[in-house]
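Engineer: Once you've had a glance at the structure underneath, I'll fire off some questions.
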Amino acid sequence: MPPLFEGIKLVANNGLSQNFQISHTFTLNSQSSGYRYGTTYVGSKHTSPTEAYPVMLGEMDTSGSLNAQIIHEVADSLRTKCIVQTEKTEWEAIQMDAAYRGKDFTASTMVVNPDLLTGSGVYLLQYLQSFTPQFALGSELLIRRSASMGQQTIFSVAGQLRSDRWRLAATVGSGAIHASYVLKCNKTLQLCAELESSPRMRQNTLTLGYQLDVPQANFSFRGQVDSNWTVASMMEKRLVPYPFTLQLCAVMNHQAQATRVGVGLTVG
């Protein structure tokens, strides 16, 4: 499901050329209201009918806070990404990662907020091996270092089983289990289920969701409900022949008796 929002949101997109696009986002809600200016550049290096590099994205608000990222395929099968975030004039975060795709495997690494002087930061190594077109196994090593808490290491194993109509994936780590199942019922309806379990914290969350696309009416519905009695839904309607997309979303937590509603309009 796309990120849900609260209040009113207006997005205006304008394509200045085949490779360059700008956007204007206005938000109004009880927590944060304001304006954000965004840019998107897509290069001319096509690696597939749907992929082109480099990709540069940036967004800045009126306080000067910046969120930017660069994605580029520096060599065949080697893709790199860098994400930078600032909070006003303060440096907030930096993330760098690289992924290599072989014929039957994928290896990736990620570094978040590295500090060469203190050795702090978050370091992630991932490896996924495909044994058949339907079955894959992998592992993940997460190392988190900080001056105050020392070093924390988490090792996880993962598996994925898929067919043309469904996909089952699971990850088992140090004190945590994550599993998901996606079923494509037909061309318009998809169902999914997700389980997050932490035996150490004695917390378990089960989420059920669906996605219904109605191309004839330019409608898209998405909804989910979890074991904490939180219900969320989103509706998107393309107002053809005009370049408008209307979004309506709502989130309700029955236990906390809290409700959030959002209305959005995208132009372009």
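The values are calculated or read from the model by the stated rules, or taken from the named source; none is laboratory data. Because the structure is a prediction, the values reported are computed rather than measured. Glycine also receives a Cβ, built like all others from the backbone with ideal geometry; neighbour counts cover every protein chain displayed. Accessible surface areas use protein heavy atoms only, side chains included; no ligands, DNA or RNA. Shrake-Rupley method; radii C 1.70, N 1.55, O 1.52, S 1.80 Å.
Engineer: Could you check how many residues of the stretch 20-48 are surrounded by fewer than 14 Cβ atoms within 10 Å (Cβ to Cβ), more than 21 Å from Glu73 (Cα to Cα) and among the hydrophobic types (A, V, I, L, M, F, W, C)?
Structural biologist: Here the count works out to 1.
Engineer: I'd like to check which strands (runs of 3 or more DSSP E) are fully inside the stretch 132-204 and have at least 3 residues that are at pLDDT 95 or above and either aromatic (Phe, Trp, Tyr) or over 18 Å from Phe105 (Cβ atoms) (or both).
Structural biologist: Because the criterion is at least 3 residues that are at pLDDT 95 or above and either aromatic (Phe, Trp, Tyr) or over 18 Å from Phe105 (Cβ atoms) (or both), the strands (runs of 3 or more DSSP E) in the stretch 132-204 that meet it are 166-173, 176-184, 189-198.
Engineer: Is it the case, given these coordinates, that Leu4 is within 18 Å of Lys81 (Cβ to Cβ), of a type outside the set (D, E, K, R), touching a strand residue (DSSP E or B) at 6+ places or on another chain (Cβ under 7 Å) and open to solvent by 40 Å² or more (accessible area, probe 1.4 Å)? Before the answer, list the steps.
Structural biologist: On the way: within 18 Å of Lys81 (Cβ to Cβ): no; of a type outside the set (D, E, K, R): yes; touching a strand residue (DSSP E or B) at 6+ places or on another chain (Cβ under 7 Å): yes; open to solvent by 40 Å² or more (accessible area, probe 1.4 Å): yes.
No; evaluated as a whole, the condition is false for this residue.
Engineer: Something else: Conditions: (1) outside any loop (DSSP other than H, G, I, E, B); (2) in contact (Cβ under 8 Å) with a residue 24 or more places away in the chain. Tyr123 meets all but one. Number of the miss?
Structural biologist: Every listed condition holds for Tyr123 apart from (2).
Engineer: Is at least one residue of the stretch 165-182 out of contact with any strand residue (DSSP E or B) (no Cβ under 7 Å at 6 or more places or on another chain) and surrounded by fewer than 13 Cβ atoms within 10 Å (Cβ to Cβ)?
Structural biologist: Here is the first cut: in the stretch 165-182, the ones out of contact with any strand residue (DSSP E or B) (no Cβ under 7 Å at 6 or more places or on another chain) are none.
No, the stretch 165-182 contains no residue that is out of contact with any strand residue (DSSP E or B) (no Cβ under 7 Å at 6 or more places or on another chain) and surrounded by fewer than 13 Cβ atoms within 10 Å (Cβ to Cβ).
Engineer: Could you please find all residues in the stretch 85-102 being acidic (Asp, Glu) and surrounded by fewer than 12 Cβ atoms within 10 Å (Cβ to Cβ)?
Structural biologist: At the first step, the residues of the stretch 85-102 found to be acidic (Asp, Glu) are 87, 90, 92, 97.
Selection gives Glu90 alone.
Engineer: Which of the numbered conditions does Glu90 fail, given that it passes all the others? Conditions: (1) touching a Phe, Trp or Tyr at 6+ places or on another chain (Cβ under 9 Å); (2) more than 27 Å from Gln247 (Cβ to Cβ).
Structural biologist: Only one criterion in (1) touching a Phe, Trp or Tyr at 6+ places or on another chain (Cβ under 9 Å); (2) more than 27 Å from Gln247 (Cβ to Cβ) is unmet by Glu90, namely (1).
Engineer: Does the stretch 186-204 contain any residue that is in contact (Cβ under 8 Å) with a residue 60 or more places away in the chain and not aromatic (Phe, Trp, Tyr)?
Structural biologist: To start, the set of residues in the stretch 186-204 that are in contact (Cβ under 8 Å) with a residue 60 or more places away in the chain comprises none.
No, because not a single residue in the stretch 186-204 is in contact (Cβ under 8 Å) with a residue 60 or more places away in the chain and not aromatic (Phe, Trp, Tyr).
Engineer: Now a separate question. Please work out which residue is farthest from the chain's Cα centre (by Cα), limiting yourself to the stretch 103-157 and to residues that are open to solvent by less than 70 Å² (accessible area, probe 1.4 Å) and of a type in the set (Phe, Trp, Tyr).
Structural biologist: Among those residues, the one meeting the criterion is Phe105.
Engineer: On to the next question. Check Ser65, Ser17, Ser23, Ser44 and return the single one that is hydroxyl-bearing (Ser, Thr, Tyr) and touching an Asp or Glu at 6+ places or on another chain (Cβ under 6 Å).
Structural biologist: On the way: Ser17 fails: touching an Asp or Glu at 6+ places or on another chain (Cβ under 6 Å); Ser23 fails: touching an Asp or Glu at 6+ places or on another chain (Cβ under 6 Å); Ser44 fails: touching an Asp or Glu at 6+ places or on another chain (Cβ under 6 Å).
Result of the check over Ser65, Ser17, Ser23, Ser44: Ser65.
Engineer: For the structure I just gave you, tell me whether Ser65 is more than 24 Å from Gln21 (Cα to Cα) and either of a type in the set (Gly, Ala, Ser) or surrounded by fewer than 16 Cβ atoms within 10 Å (Cβ to Cβ) (or both). Outline the logic, then answer.
Structural biologist: Details: more than 24 Å from Gln21 (Cα to Cα): no; either of a type in the set (Gly, Ala, Ser) or surrounded by fewer than 16 Cβ atoms within 10 Å (Cβ to Cβ) (or both): yes.
Here the answer is no, as Ser65 does not meet what is asked.
Engineer: Further question: Tell me which residues, restricted to the stretch 224-235, are in contact (Cβ under 8 Å) with a residue 24 or more places away in the chain, closer than 15 Å to Glu194 by Cα and either aromatic (Phe, Trp, Tyr) or in a strand (DSSP E or B) (or both). Full working, then the answer.
Structural biologist: Residues of the stretch 224-235 in contact (Cβ under 8 Å) with a residue 24 or more places away in the chain: 224, 228-230, 232, 234.
Subsequent filtering for residues that are closer than 15 Å to Glu194 by Cα retains 224, 228-230, 232.
Within the stretch 224-235, Gln224, Trp229, Thr230, Ala232 meet the criteria.
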